[in-house]
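Everything on this sheet refers to the single structure shown next.
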Amino acid sequence: MDHGIDWLGDNSQPEELNHIEKGKRYGWPYIYADGQVNPHLDPPGGVEKSDWAKSSKPMALGYTAHAAPMQLSFYNASQFPAEFRGDAFISMHGSWNRRPASGYEVVRIRFRQGSPVAIEPFITGFLTDRGESGRPFGNAVAKDGSLLFTDDRNGVIYRVSYAGASAEQGAAAPALTMSRQTEPKATSPLAIESLKAQPTGKLTVTSPAFQNGAAMPVIYSSYDQNVSPPLSWTAGPEGTKTYAVVMEDPDAKTMPTPVVHWLVWNIPSINSLREGLPGIDRMDDPKGLRQGVNSMGITGYKGPRPPAGDPAHHYHVEVFAFERELDLPLGASREDFLRAAQGHVLASGELIGVFARPDRPAKP
């Protein structure tokens with residue numbers, strides 16, 4: 001449940017319930033609710049809000065604006081009646097300047113076959129004609145199946161129990177989409193193996209920061225500065241108009257492989273990238289450069305972060321030359337890129353960096 005923004009009026013932005021899926025975007029901070037436009041912010045790099053809206057999923061359900069959701073718990077116990085199983089509770093902290101005030105309650109999200117169908121008040125009474133008398137904040141389902149929620153105005157923990165006939169058994173929360181999407185079972189070839197270049201199409205990729213097959217400096221990892229490394233490559237064959245860069249790790253054990261750390265395309269006819277590109281969809285310097293989402297669902301670069309105990313991972317920085325610009329939507333994934341690039345690669349090359357978790361990482 002997303003906490004909406006202020007200064008759009010008493011009835012905007014509604015509090016949003018979003019179904020989070022890997023690699024998807026949900027409008028924030030330029031689009032909200034069901035495609036509504038935030039007039040106070042514009043996307044960087046000349047991206048139109050209409051394009052941002054097309055690449056974003058609308059909310060699953062909305063609730064009264066400024067109610068201020070704070071914590072959500074799925075009910076997977078058996079004390080409450082069976083109809084509660086798989087539903088969720090959200091503590092609404094309450095608005096600070098809305099007229100009339102909203103929130104100051106615990107609400108219930110009703111699910112049907114794993115999909116949310118309604119949000120309704122469950123515990124009220126903290127807001128009266130004389131003002132508010134409490135502000136719900138956290139909540140949790142206790143081991144006995146009762147619902148606990150806190151009131152940080154009065155420093156109180158409340159317990160809600162059911163004295164009727166209990167349900168026979170608990171039920172799991174609705175299907176965990178993100179968990180299913182990140183199960184370590186899918187393995188694909190590296191992009192450079194999937195995209196075959198012309199027989200003579202060879203690029204030599206280098207970096208002033210590390211040699212091919214050597215260790216990557218820690219500043220390029222997520223354990224430190226998480227900045228993208230500087231890169232250079234030889235010019236593509238005649239007819240080359242754009243380049244693309246994909247950085248992948250085939251050695252991960254806890255995610256589908258290869259893990260994508262960086263996806264860049266429509267690099268104009270230059271033969272290098274500077275260090276530390278910002279994580280935005282489109283850039284003006286170099287003009288036209290586009291970035292997609294990595295395996296963590298983040299736009300732009302995500303540095304190496306192999307877990308403790310793993311041997312060093314190999315990070316393949318792959319560069320491709322194209323005879324055209326690639327037409328990809330905002331938030332494009334590796335799969336989108338591979339489909340668009342198939343049959344258009346004039347040349348390719350790679351630089352491999354090696355990285356293992358530091359003994360004393362700056363960012364554990």
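The values are calculated or read from the model by the stated rules, or taken from the named source; none is laboratory data. Just so it is clear, the structure is predicted and the values come from calculations on it, not from any experiment. Cβ sites come from the backbone with ideal geometry, for glycine too, and all protein chains shown count toward neighbours.
So which residues in the range 285-325 are touching a Lys or Arg at 6+ places or on another chain (Cβ under 6 Å), closer than 25 Å to A53 by Cβ and either touching a residue at least 24 places away in the same chain (Cβ under 8 Å) or of a type in the set (S, T, N, Q) (or both)?
Result: R290, N294, G297.
So is E48 closer than 27 Å to G35 by Cβ, within 22 Å of the chain's Cα centre (by Cα) and acidic (D, E) or not?
yes
Any residue at all in the range 17-31 that is outside any loop (DSSP other than H, G, I, E, B), within 18 Å of D281 (Cβ to Cβ), not basic (K, R) and not assigned by TED's automatic domain parsing to the domain that holds G297?
Within the range 17-31 (the criterion being outside any loop (DSSP other than H, G, I, E, B), within 18 Å of D281 (Cβ to Cβ), not basic (K, R) and not assigned by TED's automatic domain parsing to the domain that holds G297), the answer is yes, since at least one residue qualifies.
Among the candidates S161, S146, which residue alone is at pLDDT 95 or above, out of contact with any Phe, Trp or Tyr (no Cβ under 7 Å at 6 or more places or on another chain), exposed (fewer than 13 other Cβ atoms within 10 Å of the Cβ) and assigned by TED's automatic domain parsing to the domain that holds F111?
Going through S161, S146 in turn, just one is at pLDDT 95 or above, out of contact with any Phe, Trp or Tyr (no Cβ under 7 Å at 6 or more places or on another chain), exposed (fewer than 13 other Cβ atoms within 10 Å of the Cβ) and assigned by TED's automatic domain parsing to the domain that holds F111: S161.
For the range 123-146, give me the residue count where each residue is outside any loop (DSSP other than H, G, I, E, B), in contact with a strand residue (DSSP E or B) (Cβ under 8 Å, 6 or more places away or on another chain) and of a type in the set (S, T, N, Q). Working first, answer last.
Initially, the range 123-146 is screened for residues outside any loop (DSSP other than H, G, I, E, B), giving 123, 127-128, 131-132, 136-141.
Retained after the next criterion (residues that are in contact with a strand residue (DSSP E or B) (Cβ under 8 Å, 6 or more places away or on another chain)): 123, 127, 136-141.
Subsequent filtering for residues that are of a type in the set (S, T, N, Q) retains 139.
Count: 1.
Select the strands (runs of 3 or more DSSP E) contained entirely in the range 269-364, then report the ones holding at least 3 residues which are under 26 Å from N212 (Cβ atoms), in contact with a Phe, Trp or Tyr (Cβ under 8 Å, 6 or more places away or on another chain) and of a type outside the set (F, W, Y).
Per the criteria, 313-322, 345-355.
Give the residues of the range 326-348 that are under 17 Å from E238 (Cβ atoms) and in contact (Cβ under 8 Å) with a residue 40 or more places away in the chain, sorted by residue number.
V345, L346, A347, S348
Among the numbered criteria (1) in a strand (DSSP E or B); (2) surrounded by 16 or more Cβ atoms within 10 Å (Cβ to Cβ), which one does G45 miss?
Answer for G45: the failing condition is (1).
Residues of the range 117-137 being exposed (fewer than 15 other Cβ atoms within 10 Å of the Cβ), under 30 Å from the mean Cα position of the chain (by Cα) and not β-branched (V, I, T), which ones?
Selection gives A118, E120, P121.
Would you check if there is a residue in the range 54-64 being within 30 Å of R290 (Cα to Cα), of a type in the set (D, E, K, R) and either surrounded by fewer than 21 Cβ atoms within 10 Å (Cβ to Cβ) or more than 27 Å from the chain's Cα centre (by Cα) (or both)?
Just the residues of the range 54-64 that are within 30 Å of R290 (Cα to Cα), to begin with: 54-60.
Next, from what is left, pick out any that are of a type in the set (D, E, K, R): 54, 57.
Next, from what is left, pick out any that are either surrounded by fewer than 21 Cβ atoms within 10 Å (Cβ to Cβ) or more than 27 Å from the chain's Cα centre (by Cα) (or both): 54, 57.
For the range 54-64, residues within 30 Å of R290 (Cα to Cα), of a type in the set (D, E, K, R) and either surrounded by fewer than 21 Cβ atoms within 10 Å (Cβ to Cβ) or more than 27 Å from the chain's Cα centre (by Cα) (or both): present.
Taking the range 92-112 as the region of interest, how many residues are more than 18 Å from Q13 (Cα to Cα) and at pLDDT below 95?
The total comes to 1.
Any chance you could count how many residues in the range 250-296 are in contact with a helix residue (DSSP H, G or I) (Cβ under 9 Å, 6 or more places away or on another chain) and of a type in the set (D, E)?
3
Just wondering, is there one or more residues in the range 210-222 that are over 20 Å from K363 (Cα atoms) and surrounded by 16 or more Cβ atoms within 10 Å (Cβ to Cβ)?
Yes, the range 210-222 contains a residue that is over 20 Å from K363 (Cα atoms) and surrounded by 16 or more Cβ atoms within 10 Å (Cβ to Cβ).
Listed residues G236, G300; which is of a type outside the set (V, I, T), surrounded by 16 or more Cβ atoms within 10 Å (Cβ to Cβ) and either within 21 Å of A347 (Cβ to Cβ) or modelled with pLDDT under 95 (or both)?
Among G236, G300, only G236 is of a type outside the set (V, I, T), surrounded by 16 or more Cβ atoms within 10 Å (Cβ to Cβ) and either within 21 Å of A347 (Cβ to Cβ) or modelled with pLDDT under 95 (or both).
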